[in-house]
Amino acid sequence: MCVLAHPDDESLGTGGALAKCAAEGVATYLVTATRGERGRFGDSKESPGLDVVGKAREAELRAAARELGVRDVQLLSYVDGDLDQADPAEAIGRIAGHLRRVKPQVVVTFGPDGAYGHPDHIAISQLTTAAIVCAADPRFNPQKEGADPHRVSKLYFIAWSPKKWAAYQAALKKLVFKVDGEERQAVPWPDWAITTVIDTAAVWPTVWRAVSCHKTQMSIYERLEELEEEHQRALWGTQEFYRVFSDVNGGRVQESDLFEGLR
């Protein structure tokens, strides 16, 4: 299960892993916190409104998920840009409810840096991590639904490597997010901290089809297709993660499979 913040996170952030797992017969699930209502809307300089953008981006999300072979998509329906202001008990309870419903062995979300400091990315990282703890606790039952506790076996953070960020920034220029008047920007994970590298070269055409489903964002993303071969390989050939915890394996040997120790 991927628990992410916005439509398109599933394609650009975890598309290779989702497509590869689906091709191998692994059941894949997606929980997305917002509809991306404050994202761009094609080439328009003015937004047609949160509702219009949100509906369009939800449709794009569902189309991309179909391309990636995702079995089930759920939206938490928080407002884009406001996720860190959501009631934490409620949000954690809702995510924990999906964890108990699906009972995934592996969960993937953003790292604590939010990739480039995006508050929604940071919030979903914190909320998901807390929800994993709560979902395993038999005393936790905020909705009084009586769902059985579930213990996730492995949690991963998306970990963009220096080569990956170099490829993105070759197309998208410097990734900067301004929060409270201060600029935040992408900081790559050092290679030694990356615990898991998935070979996704065989599924990159699937991932690009999923990215292309996000038509309202393509005025930016279409530049990715124009990158030189070196950057294309860095973008689509592998996907990197940091193993936050595992109850089935460990050590310094780099994994090549999110399900290492489980199959």
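May I ask you to list the residues in region 134-175 that are without any contact (Cβ under 8 Å) to a residue 60 or more places away in the chain and of a type in the set (Gly, Ala, Ser)?
Within region 134-175, Ala135, Ala136, Gly146, Ala147 qualify.
Considering only residues that are within 19 Å of the chain's Cα centre (by Cα) and part of a loop (DSSP other than H, G, I, E, B), look in region 239-261 and name the one that is farthest from Trp165 (Cα to Cα).
My answer is Phe259.
Is it the case, given these coordinates, that Ile132 is touching a helix residue (DSSP H, G or I) at 6+ places or on another chain (Cβ under 7 Å), assigned to a helix (DSSP H, G or I) and open to solvent by 30 Å² or more (accessible area, probe 1.4 Å)?
no
This table checks each residue for (1) more than 24 Å from Val106 (Cβ to Cβ); (2) buried (at least 18 other Cβ atoms within 10 Å of the Cβ).
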| position | (1), (2) |
| --- | --- |
| Lys164 | no, yes |
| Asp191 | no, no |
| Ile194 | no, yes |
| Ile220 | yes, no |
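Since Leu12 meets every condition but one in (1) open to solvent by 10 Å² or more (accessible area, probe 1.4 Å); (2) aliphatic (A, V, I, L, M); (3) at pLDDT 95 or above; (4) farther than 19 Å from Phe259 by Cα, which condition does it not meet?
(3)
Within region 164-186, which residues are farther than 16 Å from Gly13 by Cβ and assigned to a loop (DSSP other than H, G, I, E, B)? Full working, then the answer.
Narrowing region 164-186 to residues farther than 16 Å from Gly13 by Cβ: 166, 170, 173-174, 176, 178-185.
The answer is Lys173, Lys174, Asp180, Gly181.
Testing Glu240 on (1) crowded, with 16+ Cβ neighbours inside 10 Å; (2) free of Cβ contacts under 8 Å to residues at least 24 places away in the same chain; (3) of a type in the set (Asp, Glu), one condition comes back false. Which one is that?
Just one mismatch for Glu240, condition (2).
Kindly list the number of the only condition in (1) at pLDDT 95 or above; (2) closer than 24 Å to Ile220 by Cβ that fails for Gly49.
Going through the list (1) at pLDDT 95 or above; (2) closer than 24 Å to Ile220 by Cβ, Gly49 breaks only (1).
What number goes with the only condition from (1) more than 21 Å from Pro142 (Cα to Cα); (2) open to solvent by less than 20 Å² (accessible area, probe 1.4 Å); (3) assigned to a loop (DSSP other than H, G, I, E, B) that Val53 does not pass?
Unmet condition: (3).
Here is a list: Pro138, Pro149. Which entry is loosely packed, with under 13 Cβ neighbours inside 10 Å, on the phi < 0 side of the Ramachandran plot and out of contact with any Gly (no Cβ under 9 Å at 6 or more places or on another chain)?
Result of the check over Pro138, Pro149: Pro138.
Need pairs with beta-carbon distance below 6 Å; first residue farther than 20 Å from Ser212 by Cα and within region 62-83, second part of a strand (DSSP E or B) and among the β-branched types (Val, Ile, Thr); sequence gap 6+ or separate chains.
From region 62-83, the pairs are Gln74/Val31; Leu75/Thr32; Tyr78/Thr34; Asp80/Thr34.
The values are calculated or read from the model by the stated rules, or taken from the named source; none is laboratory data. Since the model is a prediction, treat every value here as computed from it, not as a measurement. In this analysis, Cβ positions are derived from the backbone assuming ideal geometry, glycine residues included, and neighbour counts consider all displayed protein chains. Keep in mind that these areas ignore ligands, DNA and RNA; they rest on the heavy atoms of the full protein, side chains included. Shrake-Rupley method; radii C 1.70, N 1.55, O 1.52, S 1.80 Å.
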